[in-house]
Structures are given as structure tokens and as C-alpha cells.
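The values are calculated or read from the model by the stated rules, or taken from the named source; none is laboratory data. Predicted model only: the values in this text are computed from it and were never measured. Positions of Cβ are backbone-derived with ideal geometry, glycine not excepted, and every protein chain shown enters the neighbour counts.
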Amino acid sequence: MSASPRDQILRLRAEILRYEELYRKKHAPEISDFEFDKLVDQLADLEREFPMFAGPDLGIGDDKSEGFQQADHKAPMLSLDNTYDEADFRAFGDRLYKALGGTGLEFIVEPKVDGVAVSLTFEQGKFVRAVTRGNGARGDDVTANVSLIREIPRTLKGAPDLLEVRGEIYMELAEFQRLNTEREAAGEPLYANPRNLAAGTVKLLDGEEARRRRLSIVCYGLGACEPASAFATLKEFKTKLKDWGFPIRDDIDVQQGVDAAWKAIQQLDALRRDLPFPTDGAVVKVNRLEDQRRAGTTSKFPHWAVAFKFPPDQAETILRKISMQVGRTGAITPVAELDPVLLAGSTVARATLHNAAEIARKDIREGDTVRIQKAGEIIPQVLGVVLAKRPADARPFDFEGRLKELGLDATRDGEEAAYKLRAPSRDMKIRRLVHFASKQCLDIDGLGDAVAEQLVDLALVDAPVDALAVTPAQWRMLEGFKDKSVDNMMTGLEQAKQRELWRAIHALGIPNVGMQTAKDLARHFKSMDALENVKREQLLTFIRINRNTGEPVYESVISGVGIEVSESILSFFSDPNHRDWVKAMRTAGLNLIEAAAAGSVAGVAGKTFVLTGTLPTLGRDEARDLIEKAGGKVSGSVSKKTDYVVAGEEAGSKLTKAQELGVAILDEAGLRTLLGG
């Protein structure tokens, strides 16, 4: 029997919410935009036909996240309706023609950048804040990370009193490749596509990690503007943006009428693969702002603009083998090994398969002819199987059986999609040891890749902490280690035992816990013992139940430690192997207590500082170290909880916000005075 309309609606709502969570919150989509839009359309049709079974709004497109302050948009920041074929696009043009009384239509046609929508607010010509789209009316304040984008001007000469500049934050393909090359060398799973990485970077609570990734922006739209009469057309506004120094795209001039706009879309389709950023379509907008006002909007979309989505690049090829890639944390990612095929201008021989559930859902088998796709992704994905070409001897893929064949003892916990090794492999042991000894962890000079490989291969190190107990005689077993090298290493190991608590926390390699988060945890819990035995309520405060999903909503107890990080911490320390690791750290004599800093300075200890701009003599890291050694904390964003903002040249929006909130502002000399000279 086919499912009832009510059951179909419930199934679709659950499916859509799952895919939205993967795309919007976890930045790990499993289906294409086109497939997602089809599901949403299917749900809308069913709920129109059977309104008695319709549920509340699903909040699709809302990108607000835990751990962020939020801000209202002065003018709604709407999404764009999507169209996928010429007939739909021309229907959009016909509706506009009728709505505007048959007047000649002028269009702006731009590449649709596949990134993260953001609104930049300028008051009296000064950049004050950056806010994500959120639900269209209210979004996350991401000023701290967006301020790292150098192309955004900090002051605008002759600007309106209030101006909201709308744009798209993206990651250039070259930067995406650079970061993935680093991850591949570290044995970590590769990022799937630039869009998801850009979205994740904008929302990073770890400011140090955000600085390592270069984001870019293209600006294209006008939000609130006072006075409202400042611009007559979108073309005029974009020209002014260019004069002010904003990055814009003006590849195609104003188009007269729907026919010309359609030709421009085709022109962009031919040009898009040469662009330095990912693009998945063309955006067509009415040029005259008065015509935009007359055309109006729905609660979600403007009537005067549409996004034409280009069909994703697809190809057929044979999947010869499914291999397993093991990351530093032990997570296993299945990878399709393909007959090389040309796709979107490059030769593709591998594609991601996500996880075991995805392989089973699509019934992907070795020897199958598969359809692969690149739709903004650098790493292609397998869409499905061409069943008509399936070999007669193809057998369902046995994921757990393959793990056993490879000698990978792995399991899957609870609802987690990924299998993880129960015990670390050789490569994992090496990568963990290198991380443990790195400059951002215990800073053990001389313990790099080559030394780590020898320690593991000689069975001198199993868990990274074992390196602290390697004897001088054992160090001499390593190639290149003579008396001087051994003495230097022993000195370095003794120094490592006395490092700050946050370094020991970071060295553990807890998923989602970077350097800044490790510092926040050390400052809050004061000891590894307290962190190891932490309870959920010490990390998250229950607020309410989400009426759409039925899921609990929590608020962070520690700034920067949201739901995802909290779950990682709780999961990590619930593993007996990890608790044994901490026990071994204690036995080895590692410092696991946040010392009441001998260098604590009255007026600094316990205070929160924000650094902005360029200081005359102190680098940002130097200033951070001085403040932290004196007992203070350095945050990436200004809030009511900020005690001091240390401002140098080109301080920008953080200084403006500090002035608005009445936060004390210091220059470098003032900071040095506060620190006691």
C-alpha cells in the first residue's frame, strides 16, 4: 500500500529538516540543491492539497547558529526564488511585464556566487557590523570573522547616513585547494566544497583558525538606505560600490528586456568555469529601484529578482573499487575509485561516498556504472547508479566486511554516520603524535613527522603521551640521534611537561576543540580533572523546546563553546581509552592545572580584551601572550562582557562597536601601563 498523504507529509518534513541541518548547520550536504528544491516543492504541493495535515513553517534557509549574538536587518534580507529552465525564466519576465504596466524592463545579470549571504552595515560612512541572512529579519553577528576580509572598506567617503551593503562571502578555488592539500598531508578528510568551507569559516568561534583561512567577498545588493533617494538604479549603486573599493562583478552590462537577459545568462554559463570562485547560476534583477518597489515581494522572495540555476556538470564512468580513507581522529570515509573521466574541465578519478548509510541508500556496488556530479564541488559526488549497465555479478557492498578485510577494527556509535577505529592505526598514531608535539600544543622542538614515524615503527610510542617517557637510551635507537640531539630532546620534553594547561587540552586532539577553545576551557575549568569529569549542564543550559523539530534548544555556558563542541567534549571523555590517556599524562608528570599565574596583574586578571587594528610595536600574538600571561582573556568580538578594546591603526568596526557600548579603549601605551610596564 502506498503511504497516506499524512504519512507522506511527515516523511518529507523529516527528510527536508535532516538535509537542511546537514547543509546549513553541519556544512556537509548529501544531495544537490536541485534535489532539495524538488523535495520542498513536493511538500508544498501536498500541503496545499491536504491543508489539514500541513505543519508549521520549517524555517528553511535560516542560518542562525548557537553561540552567536544576533542583530536585526534594517531592511528584510530575502532569499531568491530558483528557476531551472528557460520556460520558467520567461514566465518570470511575463509576470514582471504585467506587474509594471508593460513598461520596458532593464535587468542586471550577475554570476550567482555559491557562498554565504551577508549584510554589511555602515553608519555615517563607518563599517559597524556584518550579519548573516538568518531568517531574513534577523541573523548572526559575524563581524569578527568578516572583518578579516581585507577587501571590505572600513570607511566610505560621501556615504548615506545609513547603508546596508549586501554581498556573498566565498572562498576562492585556489585557497580551497591550498587548505585541502594541508588536510591531505595530515591524513584528515578533505573539505567537500568551497561553499561549505566558507560557511564554516564565517561561523568559526576559534579566531586563530579563522585567520588561517582566506575569505573573499563580492558585493551586489542594496538593503536599507537613508536617505532612500540616494540611488535611482542598481547599476548606479554598484558603480558607487566600485568607487568606494568594494569588490563587485560587472562582467555584463545592463540588459534591455527578457530576450537580452536570457542571452546574458547563456553567456555567463560559458564564462563561469574561468571564474576564480564557485558559481552555480546567474542572478537576474530589475535595474530601476522604483520598479523593484512597484513589483514588491512575498514574505520570502522578491518579485523583481530570480536565480537561474545552471545544470550541474555530470558524467558516467565505472566505479572500480571502494577504498577507505582514515583521518587523524579515526573516522573512516569511503571513497569511490573511478575510471578517469573528464568533468567540468578536469579529469576525475575519485569521488566521495560520504558514509556507509549513503552507499546502502543508493545501492552503490563495485563494478557499477555511476553518474558523478560537480556542482560547485571540487571533490565530485556519486549521484547514483545506472542500473541498466550493472554487471550481472555485482554484489551489494559489505561495508563492515571490507573493514575486516583491511584489518580496520571500527565501529559506529549511536546515530553517528561515520565508522571510527576502535584503536588507532599506524598513520593515526603518527599524526596524533605530530599534533601532540606541535607548536600550538606542547611545542616539543624536533619532534616532527620523520621522528614520529620512527617512534611509532620502533613501538616506543603508542599514545602520544608515551613520548614523554622515552628514555635517553631509547632515543639513541633513532636514526640521527647522537648525544647532543638526545640531550636537546630530553630538555625539550622536560619543558613540555611544564607547559600551560590549555596546551595539554589542545594536545588531546578533541574534535572541534582548537587552540582558542582549549584556552577558554582551561580558564573556565582550571584543571584537566574538572574538564575530564564535566557534565552536560556545566557546558549547556536548557532554554526551550523547538516547536518545529521537537528538539531541545540550549545556550552556551562558556562563550565559544556551543552544542557541537560540547558534544565533542562529552563524547571524548566518555571513552575509557581517552580517560586512560589523561591518566598517563598525569603519570608522566604533565602539568594539568591552570596555575594562578605568577604574572597575574591586578586590573588584568579575569578581564576580557579584544585586539583590533595594527599596534605600533606589538604583533597581535605578542599582545595576546602578554595579556594571557597577566591573567586576562582575549576574545575575537566585542560585546557587553568586553572590558577593554586595544586599538591600533585601521581599527575598524570593533572600535566603533566598543564606542557604542561604552567599552574602555586602550592604545598600546595604555595596554603596557595596565600590564605594569
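Filter the stretch 101-114 for residues that are surrounded by fewer than 19 Cβ atoms within 10 Å (Cβ to Cβ) and within 23 Å of Asp253 (Cα to Cα); which is modelled with the highest pLDDT?
Checked the stretch 101-114; the qualifying residue modelled with the highest pLDDT is Gly104.
Given the criteria in contact with a strand residue (DSSP E or B) (Cβ under 9 Å, 6 or more places away or on another chain) and either of a type in the set (A, V, I, L, M, F, W, C) or free of Cβ contacts under 8 Å to residues at least 60 places away in the same chain (or both), does Val513 qualify? For Val513, the condition - in contact with a strand residue (DSSP E or B) (Cβ under 9 Å, 6 or more places away or on another chain) and either of a type in the set (A, V, I, L, M, F, W, C) or free of Cβ contacts under 8 Å to residues at least 60 places away in the same chain (or both) - is not met. Here is a check on your reading of the model: is Pro311 crowded, with 18+ Cβ neighbours inside 10 Å and under 29 Å from the mean Cα position of the chain (by Cα)? In short, no.
When the residues of the stretch 1-20 are narrowed to those that are of a type in the set (A, V, I, L, M) and outside any helix (DSSP H, G or I), which ends up modelled with the lowest pLDDT?
Met1
Those strands (runs of 3 or more DSSP E) of the stretch 620-674 in which at least 1 residues are closer than 22 Å to Phe122 by Cβ and in contact with an Asp or Glu (Cβ under 7 Å, 6 or more places away or on another chain), considering only elements entirely within it, cover 644-647.
Scanning the stretch 528-538 finds one or more residues that are within 26 Å of Glu594 (Cα to Cα), among the basic types (Lys, Arg) and surrounded by 13 or more Cβ atoms within 10 Å (Cβ to Cβ). If I ask for residues that are within 25 Å of Ile364 (Cβ to Cβ) and charged (D, E, K, R), which ones from the stretch 282-338 would you list? Across the stretch 282-338, the qualifying residues are Asp313, Glu316, Arg320, Lys321, Glu337.
In the stretch 32-87, of all residues being modelled with pLDDT under 85 and acidic (Asp, Glu), the one that is farthest from Asp259 (Cα to Cα) corresponds to Glu66. Scanning the stretch 328-365 for residues that are closer than 30 Å to Leu508 by Cβ, out of contact with any Gly (no Cβ under 6 Å at 6 or more places or on another chain) and in a loop (DSSP other than H, G, I, E, B) turns up Thr329, Gly330, Leu353, His354, Asn355. Of the residues that make up the stretch 480-500, is at least one surrounded by 15 or more Cβ atoms within 10 Å (Cβ to Cβ), under 22 Å from Ala423 (Cβ atoms) and out of contact with any strand residue (DSSP E or B) (no Cβ under 6 Å at 6 or more places or on another chain)? Within the stretch 480-500, none of the residues are surrounded by 15 or more Cβ atoms within 10 Å (Cβ to Cβ), under 22 Å from Ala423 (Cβ atoms) and out of contact with any strand residue (DSSP E or B) (no Cβ under 6 Å at 6 or more places or on another chain). Quick check on the stretch 196-235: of everything there that is assigned to a helix (DSSP H, G or I) and touching a His at 6+ places or on another chain (Cβ under 8 Å), which residue is modelled with the lowest pLDDT? Of everything passing the filter in the stretch 196-235, Asn196 is modelled with the lowest pLDDT. Under the condition of being closer than 28 Å to Pro278 by Cα, assigned to a loop (DSSP other than H, G, I, E, B) and small (Gly, Ala, Ser), the residues counted in the stretch 95-154 number 5.
Check the stretch 281-301 and report whether any residue there is within 30 Å of Val370 (Cα to Cα), crowded, with 18+ Cβ neighbours inside 10 Å and of a type outside the set (S, T, N, Q).
Yes, some residue in the stretch 281-301 is within 30 Å of Val370 (Cα to Cα), crowded, with 18+ Cβ neighbours inside 10 Å and of a type outside the set (S, T, N, Q).
Inspect all residues belonging to the stretch 364-380 and state whether any of them is modelled with pLDDT of 95 or more, in contact with a Phe, Trp or Tyr (Cβ under 9 Å, 6 or more places away or on another chain) and surrounded by 20 or more Cβ atoms within 10 Å (Cβ to Cβ). For the stretch 364-380, residues modelled with pLDDT of 95 or more, in contact with a Phe, Trp or Tyr (Cβ under 9 Å, 6 or more places away or on another chain) and surrounded by 20 or more Cβ atoms within 10 Å (Cβ to Cβ): present. Being outside any helix (DSSP H, G or I) and within 28 Å of the chain's Cα centre (by Cα) is the filter here, so list the residues in the stretch 426-475 that pass it. Selection gives Ser438, Lys439, Gln440, Cys441, Leu442, Asp443. For the stretch 496-507, the criterion of being within 27 Å of Ala469 (Cα to Cα), in contact with a Phe, Trp or Tyr (Cβ under 8 Å, 6 or more places away or on another chain) and at pLDDT 90 or above is met by at least one residue. Among the numbered conditions (1) of a type in the set (Gly, Ala, Ser); (2) in contact with a Gly (Cβ under 7 Å, 6 or more places away or on another chain); (3) not in a loop (DSSP other than H, G, I, E, B), the only one that Ala159 does not meet is (3). With respect to the conditions (1) surrounded by 17 or more Cβ atoms within 10 Å (Cβ to Cβ); (2) part of a loop (DSSP other than H, G, I, E, B), Val610 falls short on a single one, namely (2).
To keep it simple, each residue is scored yes or no on (1) among the small types (Gly, Ala, Ser); (2) exposed (fewer than 14 other Cβ atoms within 10 Å of the Cβ); (3) touching a Leu at 6+ places or on another chain (Cβ under 6 Å).
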| residue | (1), (2), (3) |
| --- | --- |
| Glu564 | no, no, no |
| Glu567 | no, no, no |
| Asp575 | no, yes, no |
| Ala588 | yes, no, yes |
| Asn591 | no, no, no |
| Glu594 | no, no, yes |
| Gly606 | yes, yes, no |
| Leu615 | no, no, no |
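With Arg499, Arg476 as the choices, which residue is farther than 19 Å from Arg431 by Cα and in contact with a Lys or Arg (Cβ under 8 Å, 6 or more places away or on another chain)? Testing whether each residue is farther than 19 Å from Arg431 by Cα and in contact with a Lys or Arg (Cβ under 8 Å, 6 or more places away or on another chain) leaves just Arg476. The number of residues in the stretch 314-342 that are of a type in the set (A, V, I, L, M) and over 26 Å from the mean Cα position of the chain (by Cα) comes to 7.
Based on what the data block shows, is Ala598 in a loop (DSSP other than H, G, I, E, B), in contact with a Gly (Cβ under 8 Å, 6 or more places away or on another chain) and either at pLDDT below 85 or surrounded by 16 or more Cβ atoms within 10 Å (Cβ to Cβ) (or both)?
In short, no.
Can you confirm whether the stretch 294-309 contains a residue that is over 30 Å from Ala137 (Cα atoms) and either outside any strand (DSSP E or B) or not polar (S, T, N, Q) (or both)? There is no residue in the stretch 294-309 that is over 30 Å from Ala137 (Cα atoms) and either outside any strand (DSSP E or B) or not polar (S, T, N, Q) (or both). Applying the criterion of being over 32 Å from the mean Cα position of the chain (by Cα) and part of a helix (DSSP H, G or I) to the residues of the stretch 265-293, the residue that is farthest from Cys225 (Cα to Cα) is Asp291. Going by the conditions given, is Val218 in contact (Cβ under 8 Å) with a residue 60 or more places away in the chain and crowded, with 21+ Cβ neighbours inside 10 Å? No. Condition first: basic (Lys, Arg) and within 31 Å of the chain's Cα centre (by Cα). Can you find one or more residues in the stretch 224-236 that meet it? Within the stretch 224-236, not a single residue is basic (Lys, Arg) and within 31 Å of the chain's Cα centre (by Cα).
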